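Notes to accompany the following structure.
The values are calculated or read from the model by the stated rules, or taken from the named source; none is laboratory data. The structure presented is a predicted model; accordingly, all values stated were derived computationally and were not measured. Note that each Cβ is placed from the backbone with ideal geometry, even for glycine, and that neighbours are counted across all protein chains shown.
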Amino acid sequence: MPLEHGQAVGHQPPPWEAWCSKAAFPTAQPEPPRSAQPPHLQRGEVPRQLLDDGLQRAGLGSRVADEAEVEEQGVAAVLLVLDAHRAADQLLLHGGAAGGQEPVPSAGAAGLFSWHPLLMALAVSLLMTEALLAFSPEASPLRGLSRKAKARAHWVLQALAVLCAALGLGLVAYNKHLHGTGHLRTWHGRIGLLTVLYFAVQSLGGLPLLYPKLAGSWPPGKLRLYHATAGLVGYLLGCASLTLGMCSLWFTTAARGAAWYLAVLCPVLTSLVVMNQVSNAYLYRKRSQH
């Protein structure tokens with residue numbers, strides 16, 4: 001190759017010299033922001049296991065012996081693994097979820113979140129069940145009271161149930177807000193919100209029965225029938241919401257095997273008991289009158 005004017009022989013470095021310089025002083029790779037790095041990377045430490053995982057992701061494995069090759073091909077894979085670790089942290093600690101599943105709450109959020117299932121179970125399985133069974137001649141502790149006293153006790157229990165359900169809904173919504181999690185992404189959340197709103201409207205619908213002056217020209221018999229039927233629908237919605245909550249990732253992690261089946265059996269049995277009570281007290285009696 002002819003030399004140009006003014007160019008000395010041997011001025012261009014041999015190819016192996018450039019390769020050695022690259023191996024000894026590799027080109028610096030841009031680092032992710034320090035705020036996004038785990039604590040051990042902020043101290044300048046890379047765990048060996050994490051580095052090996054990155055090399056395996058890059059397809060290098062244990063065949064890499066050259067530091068330049070590690071720098072060029074392994075760093076990108078290590079960063080991929082770090083991104084996966086951060087994504088897992090977001091999933092477990094900050095409420096991220098995939099596939100429509102509710103996330104597992106973190107240890108810090110468990111104290112706040114744990115009030116949600118407690119209040120919802122108290123509202124539906126205890127207070128609302130006792131409110132609907134208040135008029136039962138066999139299964140109610142209030143069977144010795146007059147019908148007017150039973151009606152007042154029924155309304156008080158229903159009001160307490162709505163209060164507990166609204167508080168439980170507010171706590172889980174606030175917990176999701178704290179961790180930046182989306183709302184109403186599962187059927188449990190959607191039916192749960194619908195159930196709480198239905199409970200509130202249904203409780204207001206019982207006021208004309210408690211105070212007959214509010215009923216106007218409506219016959220009391222029809223009002224009782226409509227209120228009992230609508231109340232049964234609302235109770236079944238509440239039991240369905242509880243059952244869907246037991247299918248969530250949080251509950252299936254906490255209760256497994258026979259404990260899970262026993263928990264699911266509770267709202268199923270109570271719904272059957274309440275259906276039998278309402279049907280015998282109102283629906284079947286109404287049919288026999290025609």
Gly168 of a type in the set (Gly, Ala, Ser), in contact with a Pro (Cβ under 9 Å, 6 or more places away or on another chain) and assigned by TED's automatic domain parsing to the domain that holds Gly245:
yes
Hey, any hits in segment 164-183 for a residue that's within 34 Å of the chain's Cα centre (by Cα), crowded, with 16+ Cβ neighbours inside 10 Å and basic (Lys, Arg)?
yes
Of the residues Leu142, Leu178, only one is out of contact with any Pro (no Cβ under 6 Å at 6 or more places or on another chain), over 21 Å from Cys247 (Cβ atoms) and touching a residue at least 12 places away in the same chain (Cβ under 8 Å); which?
Leu178
Restricting attention to segment 200-211, does a residue exist that is in contact (Cβ under 8 Å) with a residue 12 or more places away in the chain and within 18 Å of Ser241 (Cα to Cα)?
yes
For the condition of a type in the set (A, V, I, L, M, F, W, C), surrounded by fewer than 13 Cβ atoms within 10 Å (Cβ to Cβ) and part of a helix (DSSP H, G or I), what is the one hit in Leu214, Leu194, Leu232?
Leu214
Among the residues listed as Gly206, Gly238, Gly189, the single one being over 32 Å from the mean Cα position of the chain (by Cα), of a type in the set (Gly, Ala, Ser) and within 21 Å of Ala165 (Cα to Cα)
Gly206
Can you confirm whether Leu209 is surrounded by fewer than 18 Cβ atoms within 10 Å (Cβ to Cβ) and under 29 Å from Tyr282 (Cα atoms)?
no
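Condition check ((1) in a helix (DSSP H, G or I); (2) at pLDDT below 90) across all residues:
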{"site": "Pro117", "(1), (2)": "yes, no"}
{"site": "Glu130", "(1), (2)": "yes, no"}
{"site": "Ala134", "(1), (2)": "yes, yes"}
{"site": "Pro137", "(1), (2)": "no, yes"}
{"site": "Leu145", "(1), (2)": "no, yes"}
What pairs can you find where one residue is in segment 260-274 and surrounded by 11 or more Cβ atoms within 10 Å (Cβ to Cβ), the other is at pLDDT below 95 and not in a helix (DSSP H, G or I), and their Cβ atoms are less than 8 Å apart, with a gap of 6+ or different chains?
Ala263/Ala255; Val273/Ala139
Matching residues in segment 122-146 (out of contact with any Gly (no Cβ under 9 Å at 6 or more places or on another chain), crowded, with 17+ Cβ neighbours inside 10 Å and within 11 Å of Ala161 (Cβ to Cβ)) number 3
Taking segment 245-259 as the search range and keeping residues that are in a helix (DSSP H, G or I) and of a type in the set (A, V, I, L, M), which one is surrounded by the fewest Cβ atoms within 10 Å (Cβ to Cβ)?
Ala258
